[in-house]
Every structure is written in structure tokens, then in C-alpha cells.
1. What's the magnitude of the charge dipole for the range 10-144 around its Cα centre, counting Lys and Arg as +1 and Asp and Glu as -1 at the beta-carbon? Answer in Debye, nearest 20.
2. Check each of the trypsin sites (Lys or Arg not before Pro) in the range 1-56 and keep only those in coil by DSSP with at most 12 other C-beta atoms within 10 angstrom; list them in order.
3. Pull up the cross-link candidates among the aspartates and glutamates for Lys38, meaning alpha carbon to alpha carbon under 14 Å and not fewer than 8 places away within one chain.
4. Would you kindly derive the ³J(HN,Hα) couplings of the range 172-179 from the backbone phi angles with the Karplus curve 6.51 cos²θ - 1.76 cosθ + 1.60 (θ = phi - 60°), listing them in order in whole Hz, with x for Gly and Pro?
5. Just report the Cα centroid separation between the range 108-126 and the range 134-160, whole Å.
6. Give, as a single signed number, the net charge of other residues whose beta carbon lies under 13 Å from the beta carbon of Cys182, with Lys and Arg counted +1 and Asp and Glu -1.
7. Return the label of the correct value of semi-axes √(5λ) of the Cα gyration tensor in Å, as calculated from the structure shown, out of (1) 34, 21, 16; (2) 29, 22, 18; (3) 35, 16, 15.
8. Quick one: Cys104, Cys182, fewest Cβ neighbours within 10 Å first, how do they rank?
Amino acid sequence: MSATTLIGRDTEIDQLESWLLKDEHRLVTIAGPGGIGKTRLAAELQEQWPDASHWIPLDDAHLSGASVMSRIGQTLELPECPRPEWHSRLDTLLRSPTLLVLDCFEQVRDQAPAVAELLKLHPQISVVVTSRAPLLLSQERLLTLEPLNLNESVKLLMTRAQAVRPDLEVSAQNKTLVENLCRRLDGIPLA
């Protein structure tokens, strides 16, 4: 999913893995403002389940009128059918533990009950949600991302800038400027 290096989120990855694997929480929401790294963190987590996970993008779902369930069905190539049959087909397709990553859930936040239904009917499924706000479901574990510290923020900003201008470096001449920029962005350099 991602071609970039994750910077400054080792503790969060460890926490997510612990909740999903050790504590067996089946619904985890990664929350925070835009640009803080929710999607990138979820992509890193998904890489731990390369053969047992599916990425469900919801960033344009509000525009297309797609429901969460229909978007899951599209991603998994399930045909449209009545809901009981759809759930039966999903069980047939996903027989072993599976992780679904629902990215940009804030676009369809009113559909949180569909996630609760999915978890109730399919015990083999775990869900990681990225959203600017929690789903407010009883079974939800919430990881609210904090801004990066100054060093991590500078590193992330420079890594992204060097993708466009490989010759760009932090130097004695621009170090203060780069640090001030990261401070002004409150530790969210991609905001």
C-alpha cells in the first residue's frame, strides 16, 4: 500500500498490534486531524497481514453514495445480492481471521452501525478504521494520534520534500527555518 517509510510511530504500531493480536480487540479506530498520519499508520499495520487483509478506501464514498457494505463488497468482488446472502457469501470467502482497513471513515461516519453489524455477524473479521473522529461504538478501541515531536516532524518534512527535490538538505542556513515551519504546523508537517 505504501511506498514511504513510516516515521515516528513505532509505539503506535506496537499498541495496535497488541490490541488486535494479544488483546483480541476486533475494532480499532485510528483518529486524528487530517495529515497526522492515520492512513500511513494503517498501511504499515496492514503490511503485517499481507495475505489476510483488505484495504477499503472510503475517501470518495460520500460522493458516490456508496455504503460501507457495498464498498467492502466491491473490494472483495462480492456480487450485489440480498443482505443475508451477502453475509453468507462473505463468510464463505473469508473463512480465516481477516483484517479489513476502512480508510477515511469520517466520510461515512453515520454508517458506524454497519461496522457493528459486520463484527457481530462475522467473528473472523477484525476492523481498523481511520477517521478524524471515533465511531462511538461500544466495542471500539480508540488510538488518537498525537503530533510528531520536532525531530520526527523535520525528518518527515524533509523526506517528503526530497522526493521532489533530492538535492534538498537541512543545513546550518535553513535548519531554523525548517524547524520553525514544523512548529507552525504543530508537528503535523503534511497538514
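Read the figures in this text as sums done on the coordinates, not as results from a lab. None of the values given here were measured: they were computed from a predicted structure. Here Cβ is always computed from backbone atoms with ideal geometry, including for glycine, and neighbour counts include all displayed protein chains.
1. 320
2. Passing both the DSSP loop test and the Cβ count: no residue.
3. In chain and number order, the partners are Asp10, Glu12, Asp59, Asp103, Glu106, Glu146.
4. For the range 172-179, the Karplus curve yields 4, 6, 10, 4, 4, 4, 5, 5 Hz.
5. After rounding, the separation between the Cα centres reads 24 Å.
6. Around Cys182, the charge tally is +2.
7. Given (1) 34, 21, 16; (2) 29, 22, 18; (3) 35, 16, 15, the calculated one carries the label (3).
8. So the ranking, lowest neighbour count to highest, is Cys104, Cys182.
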